[in-house]
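The values are calculated or read from the model by the stated rules, or taken from the named source; none is laboratory data. Note that this is a predicted model, so its numbers are computed, not measured. Quick reminder, even Gly has a Cβ in these numbers, built from the backbone with ideal geometry, and neighbours come from all protein chains shown. Surface areas here come from the heavy atoms of the whole protein model, side chains and all, with no ligands, DNA or RNA. Shrake-Rupley method; radii C 1.70, N 1.55, O 1.52, S 1.80 Å.
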Amino acid sequence: RLTLLASGRPGESEVASVNSCMVDEYGRADFEKMQSGVACIINDMSVFQTPSPVMATRYAIGVRAYARIPLMVEGVLVGVLNMAAKQACHFTDERVDILRMVADQLALALQQSILRHQVEEQTAQLERRVAERTAELEAANNELQSFSYSVSHDLRAPLRTIDSFSKLLQDELGDSISGREIGRAH
């Protein structure tokens with residue numbers, strides 16, 4: 001599938017937005033030429049004996065000259081500039097040069113649009129991942145907080161027992177036991 005930005009009939013000032021067309025509408029050979037960056041200038045469409053479906057449709061509505069300039073960025077096809085005229089021999093070398101300059105600018109604009117869209121998608125994806133990781137971190141912190149509360153709660157009773165036992169020892173033995181004697185007992 002090829003994505004089309006706009007399409008209009010020759011001689012009409014109105015241009016309609018179009019979503020896409022099938023590669024087969026151009027013909028495989030034409031599409032391969034487009035991918036390699038080869039421009040197609042047809043100054044007399046009446047010479048075609050077996051035109052592609054796109055060409056036949058254009059000829060049927062009165063197109064007699066046609067120019068297709070691939071929009072290339074770094075050797076990659078990003079779009080196609082199609083121009084049509086009702087009179088044969090419309091596309092002179094000068095007009096084709098102008099079309100090529102316009103095509104180069106359109107290609108850069110399309111590439112920038114594609115890159116901007118990719119950056120926006122990646123940004124959204126990163127924001128989702130940050131939100132997910134933040135939620136995971138918050139959950140882990142909550143679990144850790146719950147665990148530390150549980151451990152501190154569970155250690156209260158044994159620590160109270162140790163404290164009570166040490167007070168009992170101190171009360172029974174009094175001053176007779178010093179820090180050095182306790183150290184030797186171990």
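The number of residues in the range 28-53 that are surrounded by 14 or more Cβ atoms within 10 Å (Cβ to Cβ), free of Cβ contacts under 8 Å to residues at least 60 places away in the same chain, closer than 26 Å to residue 108 by Cα and over 28 Å from the mean Cα position of the chain (by Cα) comes to 4. For the subset of the range 128-159 comprising residues that are open to solvent by 80 Å² or more (accessible area, probe 1.4 Å) and of a type in the set (A, V, I, L, M), which member is nearest to residue 72 (Cα to Cα)? Per the criteria, the residue is 130.
Filtered by the rule that a residue be more than 18 Å from residue 42 (Cα to Cα) and either hydrophobic (A, V, I, L, M, F, W, C) or open to solvent by 20 Å² or more (accessible area, probe 1.4 Å) (or both), the range 72-82 gives 72, 73, 74, 75, 76, 77, 78. Looking across 128, 100, one residue alone is part of a helix (DSSP H, G or I) and under 30 Å from residue 40 (Cβ atoms). It is 100. Within the range 97-127, the only residue that satisfies the criterion of being under 14 Å from residue 77 (Cα atoms) and either in contact with a Ser or Thr (Cβ under 6 Å, 6 or more places away or on another chain) or of a type in the set (Val, Ile, Thr) (or both) is 114. Being touching a strand residue (DSSP E or B) at 6+ places or on another chain (Cβ under 7 Å), closer than 22 Å to residue 29 by Cα, at pLDDT below 90 and open to solvent by less than 50 Å² (accessible area, probe 1.4 Å) is a condition met by at least one residue of the range 83-98. For the range 78-93, the criterion of a residue being within 20 Å of residue 33 (Cβ to Cβ), over 30 Å from the mean Cα position of the chain (by Cα), part of a helix (DSSP H, G or I) and not aromatic (Phe, Trp, Tyr) is satisfied by at least one position. Mind listing just one residue for me: the one in the range 37-56 that is part of a helix (DSSP H, G or I) and in contact with a strand residue (DSSP E or B) (Cβ under 9 Å, 6 or more places away or on another chain) and, of those, modelled with the lowest pLDDT? Going through the qualifying residues, I end up with 54. Determine whether residue 59 is open to solvent by 60 Å² or more (accessible area, probe 1.4 Å), aromatic (Phe, Trp, Tyr) and not in a loop (DSSP other than H, G, I, E, B). Against the criterion (open to solvent by 60 Å² or more (accessible area, probe 1.4 Å), aromatic (Phe, Trp, Tyr) and not in a loop (DSSP other than H, G, I, E, B)), residue 59 qualifies.
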